[in-house]
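Taking it in order: structure first as structure tokens, then the write-up.
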Amino acid sequence: MADHPQSFLPGASLSYVSPTRQSAWGTYLAQVDRVLPYMGDLARWSGTLQRPKRVLIVDVPIEMDDGSIAHFEGYRVQHSLSRGPGKGGVRYHPDVTLEEVMALAAWMTIKNAAVNLPFGGAKGGIRLDPKQLSQRELEKVTRRYTSEIGIIIGPQRDIPAPDVNTNGQIMAWMMDTYSANVGATATGVVTGKPISLGGSLGRVKATGRGVFVTGREAMRRLKLPMDGARIAIQGFGNVGANAAELFAQSGAKVVAVQDHGGGVYNDNGLDVPALTAHVLEKGSVAGFRGGEVLGLEEFWDAKVDVIIPAALEGQITEARAERLRASLVLEAANGPTVPGADDILAARGVTVLPDVICNSGGVIVSYFEWVQDFSSFFWSEEEINLRLDKIITGALAHIWATCERHGFSLRTGAFVVACERILQARNERGLYP
Ligand code: NAD
């Protein structure tokens with residue numbers, strides 16, 4: 001489809017971005033458009049979903065190791081603060097744009113509301129390739145960026161977290177910089193911190209655990225037995241590997257795994273701990289002896305019950321949606337299914353558990369981290385896992401029941417539940433002045 005000018009949707013008339021139907025912000029606007037007819041009187045507030053509340057673009061200048069001065073472009077977008085402080089990660093990537101950050105911030109608003117966390121939605125990013133920077137340069141960029149966005153973030157205002165190419169060390173620098181600027185130790189300003197600085201037990205594995213728990217619940221409802229269920233996973237990083245471990249421990253067979261380096265297949269189920277050890281040593285699943293080589297496209301043809309995209313966005317294209325043999329897709333990655341593929345999967349009777357609920361385990365445990373930091377009282381890992389299980393299971397049950405009542409897909413149902421909560425809060429707060 002050809003690109004459209006920015007006025008293709010009613011909410012798209014912002015002067016500072018030009019979304020297309022394929023772009024991230026354009027996709028988000030189309031998703032919102034789909035649910036507005038179900039919002040009743042609350043639809044009069046729809047403009048608050050269709051535009052970010054606040055957009056900050058910052059220049060991040062640093063002195064490089066060779067003495068030159070480099071300038072990086074940074075963003076922090078607060079899409080909605082109606083239900084609480086902003087919450088969402090910071091991405092370091094050469095392709096980061098304002099429009100992408102706006103969409104990611106908006107999806108955080110939806111995700112936080114879908115699981116009923118007391119947060120709005122926000123996201124940040126810097127256009128850079130971290131592989132091109134030394135550790136010292138990375139620290140300088142992080143500290144200067146934090147200082148620049150310091151005028152809008154804070155434990156009660158907006159709480160960043162790790163995302164693509166950012167990690168606990170970067171969160172530690174952000175927390176230290178913000179604390180130095182406000183003159184007080186502010187552990188609650190970011191989540192995903194190291195345990196020694198107020199991080200939470202269970203945070204690292206939380207997203208993979210959430211994928212497993214929501215998958216388990218969906219399989220139970222679809223009467224798909226866990227014991228012997230055949231699973232394919234694309235992406236064997238933090239999310240994919242942790243989800244694989246839990247599925248294998250529960251009796252499922254992880255038969256196919258693909259990552260950036262290649263694919264492996266074992267009809268009897270791959271030895272997940274051995275594969276994890278291999279990836280830790282070699283950096284990829286390629287060359288693993290416990291299975292056969294699986295080609296790039298062959299992965300999508302594997303005879304499986306469940307497929308888990310846990311790598312990048314846009315992986316389930318229309319062509320792959322026509323072929324894949326699973327009856328359940330667990331969206332561990334953000335935005336892995338293109339809208340056209342969604343329609344094909346629905347027509348084929350394949351259930352898609354959308355990202356906004358499936359991968360919400362990370363932000364749920366981030367919420368626990370923020371709560372623990374406020375009280376300076378830390379919970380055991382067992383307690384965290386139990387609370388995560390309870391929140392995510394309850395959220396899924398509510399969305400599932402809504403879908404059954406109205407005949408929605410799970411994605412539309414999750415958006416309806418979330419948008420209703422967001423617009424209800426907006427309505428109750430009213431407009432100032
Ligand atoms: P990661 O960097 O730890 O792992 C990414 C995996 O994807 C790696 O195994 C990599 O080899 C694989 N990959 C990269 N390019 C690929 C390609 N072209 N084909 C096949 N595989 C490829 O990242 P992660 O933290 O596991 O995140 C994975 C996804 O989950 C992302 O979409 C992320 O936004 C989403 N997510 C992560 C979290 C979290 O807490 N980490 C939370 C919510 C959503």
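Taking the Cα centre of the chain as origin and assigning +1 to Lys and Arg Cβ atoms and -1 to Asp and Glu Cβ atoms, the resulting dipole is close to 1160 debye. For segment 53-184, the dipole from Cβ point charges (+1 on Lys and Arg, -1 on Asp and Glu) about the Cα centre works out to 680 debye, to the nearest 20. Add +1 for every Lys or Arg and -1 for every Asp or Glu among the other residues with Cβ under 13 Å from the Cβ of residue 256, and state the total. Neighbour charge sum, excluding residue 256 itself: -3. A Gaussian network model of the chain, with springs between Cα atoms under 10 Å, assigns the largest mean-square fluctuation among 210, 88, 295 to 295. For segment 206-358, averaging the sequence separation of C-alpha pairs within contact (under 8 Å, six or more residues apart) and dividing by the residue count gives a relative contact order of 22 percent.
Stretching residue 167 away from residue 274 to a fully extended chain increases their span by 36.0 nm, per 0.36 nm per residue minus the current alpha-carbon distance.
Each other residue within a Cβ distance under 10 Å of residue 200 adds +1 if Lys or Arg and -1 if Asp or Glu, for a net charge of -1. Simple spin-label estimate for residue 296 and residue 429 gives 4.5 nm between the two label positions (7 Å along the Cα-to-Cβ direction from each Cα).
Note on segment 79-125 and segment 16-41: Cα centroid distance 15 Å, given to the nearest whole angstrom.
In order along segment 373-381, phi translates into HN-Hα couplings of 4, 5, 8, 6, 10, 10, 8, 6, 5 Hz, rounded to whole numbers, per the Karplus curve 6.51 cos²θ - 1.76 cosθ + 1.60 with θ = phi - 60° and x for Gly and Pro.
What residues of segment 24-58 lie in the reach of a label at residue 157, counting those whose backbone N is under 16 Å from a point 7 Å from the Cα along Cα→Cβ? Label zone hits: 53-58. Over all other residues within a Cβ to Cβ distance under 10 Å of residue 335, the charged ones net out to -3, with Lys and Arg as +1 and Asp and Glu as -1.
Of all DSSP bridge pairs formed entirely within segment 53-184, close to 70 percent run antiparallel.
The Stokes-Einstein estimate for segment 53-184, based on a Kirkwood radius over Cα pairs and taken at 10 °C with 1.306 mPa s viscosity, is a diffusion coefficient of 108 µm²/s. For segment 296-313, the residues whose backbone nitrogen is under 19 Å from a point 7 Å from the Cα of residue 221, taken along Cα to Cβ, are 305-309.
For residue 323 and residue 129, the FRET efficiency from 1/(1 + (r/R0)^6), where r spans their Cβ atoms and R0 equals 25 Å, is about 0.15.
For a quick check, take a GNM of the chain with Cα springs below 10 Å and name the residue from 305, 158, 267 with the largest mean-square fluctuation. Evaluated over the chain, the most mobile residue of the options is 267. Assuming R0 = 30 Å, can you tell me the calculated FRET efficiency for the pair residue 21 and residue 284, based on Cβ-Cβ distance, to the nearest 0.05? Taking R0 as 30 Å, the efficiency between residue 21 and residue 284 is 0.30.
Among the listed pairs 53/193; 193/282; 53/123, which are separated by more than 20 Å between their Cα atoms? Over 20 Å Cα-Cα: 53/193; 193/282. Here's the list of lysines a cross-link from residue 253 could span, going by alpha-carbon distance under 21 Å and ignoring same-chain residues fewer than 8 apart: 205, 223, 303.
Laboratory data are not the source of any read-out in this text; all were calculated from the coordinates shown. Remember, it's a predicted structure, so these values are computed and weren't measured experimentally. Please note: Cβ atoms are built from the backbone with ideal geometry, for glycine as well, and neighbour counts cover all protein chains shown.
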